[in-house]
Amino acid sequence: MSKTEKSFPRNFTGCLTCVQVLNIMVLLGFMLNYALRVNLTIAIVQMIGSPTSPTNVTNVTDTLNVTQHPDHIEQTRFPWDTQQKNLLLGCFFWGYVLTELPGGRLAEIIGARRVFGYSTLLASILTLLSPGAAVAGFGWIVALRVLLGFLLGATWPAILPMASKWIPPMDRSKFMSNMMASSLGAAITMPICGFLIAHLGWESSFYFTGIIGVMWSVAWFAVVYDSPAEHPRISDTERNHLMKALPQEDGKKGHIPVPWRKMLLSPPVWAIVITHGCSVFGYFTVVNQLPSYIESILHYNIKHNGLLSSLPYLGKYLCALASSVLADHLRRSGKLSTTTARKLFTGFAVGLPGILMIAQAFFGHDRVWSVAIFTIALTINGAVTAGYLGNGLDIAPNFSGTIFGMANTLSSIGGWLSAFMVGELTKTHNTYEQWQIVFFILAGVYIVGALCFTCFGSGELQQWNARVEAPNGALAREEEPLNDKTEKA
């Protein structure tokens, strides 16, 4: 990869370029992606639990209570216990884990536009149906969350194949920071949903995020296309620049089989998979459990809950953006190789939160210390965008969706295990002492992930990624690495 490779030129036509529009839509898409999942983590605090008003009407049926909200808004309440609550929070991952790998591979074959777009649209419609499903019965809301996970599971790995066609190599860390807009989405969604729930009832959090999701989906299909060659409104200047920067994607049709044996025997691939699983295990534990921890251990009310729960996610996005810009600059200037940059930022983003979780185990009973440690840990974790998160594009851009699908499959299993772990540890005694065990487990998982990537990670293009045209025009693989000039602009 050339050290002198230039960044993508801005504003060819005096307005937004297609790449800039893509960045904006992906950023908003991942904000929405987490809004569609974290709405439950904030709403569930008011969906279950003890009534909040002495005027409540109880025992309406055997399965739910109807209470009067402090603002005299009638709310449906459910007598779900701690195990049921954590089952509901964790069942999202039952479906999520099934479509990670197929979603990445499907995006490599038919394009990310359809995979990401239709998955988000259908997930938004399901979100609108969530209040009705909850009233229909616990089994119905569990089934809906499983299906929601099934749809959203395909979205994350789908973006990497799109990046391989639209984003020059030296700009990819910045592009990957758009995925961390999911944290920004959580940071915005939680206080908004907290406000809506406090004034309109918990159902409003699902209606708000669902409607926004449908609106985004319509815009996505209107302005985003799978490659520069397919975009009907791209300028000739921008298209030619991208074709020169990404010559391996100059309109070739078809796809090549995944070299499964070589991929599964590749240490850099497993470094991505294991590190991603460890990092996301910690992240999902906080995403799903922080609102409940703030309420049950720190004893903050719902309005404070939404605001405080959002702080770590806002910090994570800002760190993702800053670290990605820094990493691309260091790589472009030749000060750091891609391998060194990926290892350095991964060690920082995954290892340091592990140390902070140890601090949380000792100081987490204090409100100020607890919120500060959570915020710092997840803020630092945002630097994964400059580390392992987009590493699949470095080592095998032709199969980056498949690699990310493998990694997110493991992390999805970890997401379910984290909810199960917290449920089992706190079902009998929901105390700070039990949460200390959770924090020590998180610390160990984070540190293992950081060490794994430091030892086995790589930023070098792998030999099995190569793709050429056979003499008869059919697609074939060659056993030699891609020529260096395919990575130069």
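Points to keep in mind about this one:
- Within the stretch 136-151, restricting attention to residues that are surrounded by 24 or more Cβ atoms within 10 Å (Cβ to Cβ) and not charged (D, E, K, R), the residue that is modelled with the highest pLDDT is Leu148.
- Residue list for the stretch 415-439, filter: among the β-branched types (Val, Ile, Thr), in contact with a helix residue (DSSP H, G or I) (Cβ under 7 Å, 6 or more places away or on another chain) and over 20 Å from Ile373 (Cα atoms): Thr426
- Test: residue in the stretch 179-191 that is out of contact with any Asp or Glu (no Cβ under 8 Å at 6 or more places or on another chain) and at positive phi: no
- Here Leu389, Leu442 are screened, and the one residue that is within 30 Å of His329 (Cα to Cα), in contact with a helix residue (DSSP H, G or I) (Cβ under 8 Å, 6 or more places away or on another chain) and modelled with pLDDT of 90 or more is Leu389.
- The residue list Leu344, Leu378 contains one member that is of a type outside the set (Val, Ile, Thr) and in contact with a helix residue (DSSP H, G or I) (Cβ under 8 Å, 6 or more places away or on another chain), which is Leu378.
- Test: Ser182 is in contact with a Ser or Thr (Cβ under 6 Å, 6 or more places away or on another chain) and buried (at least 20 other Cβ atoms within 10 Å of the Cβ): no
- Any hit, the stretch 190-207, residues being buried (at least 20 other Cβ atoms within 10 Å of the Cβ), farther than 26 Å from Ala43 by Cβ, touching a residue at least 40 places away in the same chain (Cβ under 8 Å) and not charged (D, E, K, R): no
- Unique match (being hydrophobic (A, V, I, L, M, F, W, C), at pLDDT below 85, assigned to a helix (DSSP H, G or I) and over 20 Å from the mean Cα position of the chain (by Cα)) among Val60, Val66, Val45: Val45
- Screening the stretch 104-135 for residues that are crowded, with 19+ Cβ neighbours inside 10 Å and either among the hydroxyl-bearing types (Ser, Thr, Tyr) or touching a Lys or Arg at 6+ places or on another chain (Cβ under 8 Å) (or both) and picking the one that is farthest from Lys165 (Cα to Cα) gives Ser130.
- Residues of the stretch 313-340 satisfying the condition of being among the aliphatic types (A, V, I, L, M) and either farther than 11 Å from Ala383 by Cβ or touching an Asp or Glu at 6+ places or on another chain (Cβ under 6 Å) (or both): Leu314, Val325, Leu330, Leu336
- Flag: Phe221 matches the condition of being farther than 28 Å from Gly449 by Cα, surrounded by fewer than 16 Cβ atoms within 10 Å (Cβ to Cβ) and of a type in the set (A, V, I, L, M, F, W, C).
- Residues in the stretch 235-247 include none that are closer than 30 Å to Met421 by Cα, buried (at least 22 other Cβ atoms within 10 Å of the Cβ) and at pLDDT below 90.
- Scanning the stretch 255-303 for residues that are modelled with pLDDT of 75 or more, closer than 21 Å to Pro397 by Cβ and not in a helix (DSSP H, G or I) turns up Ile256, Pro257, Val258, Pro259, Leu265, Ser266.
- For Leu330: the one exception among (1) closer than 15 Å to Met176 by Cα; (2) modelled with pLDDT of 90 or more: (1)
- Number of positions in the stretch 358-376 that are at pLDDT 85 or above and charged (D, E, K, R): 0
The values are calculated or read from the model by the stated rules, or taken from the named source; none is laboratory data. On a predicted model such as this, the values are computed, not experimentally measured, just so you know. Every residue, glycine as well, gets a Cβ built from its backbone with ideal geometry; the counts of neighbours run over all protein chains shown.
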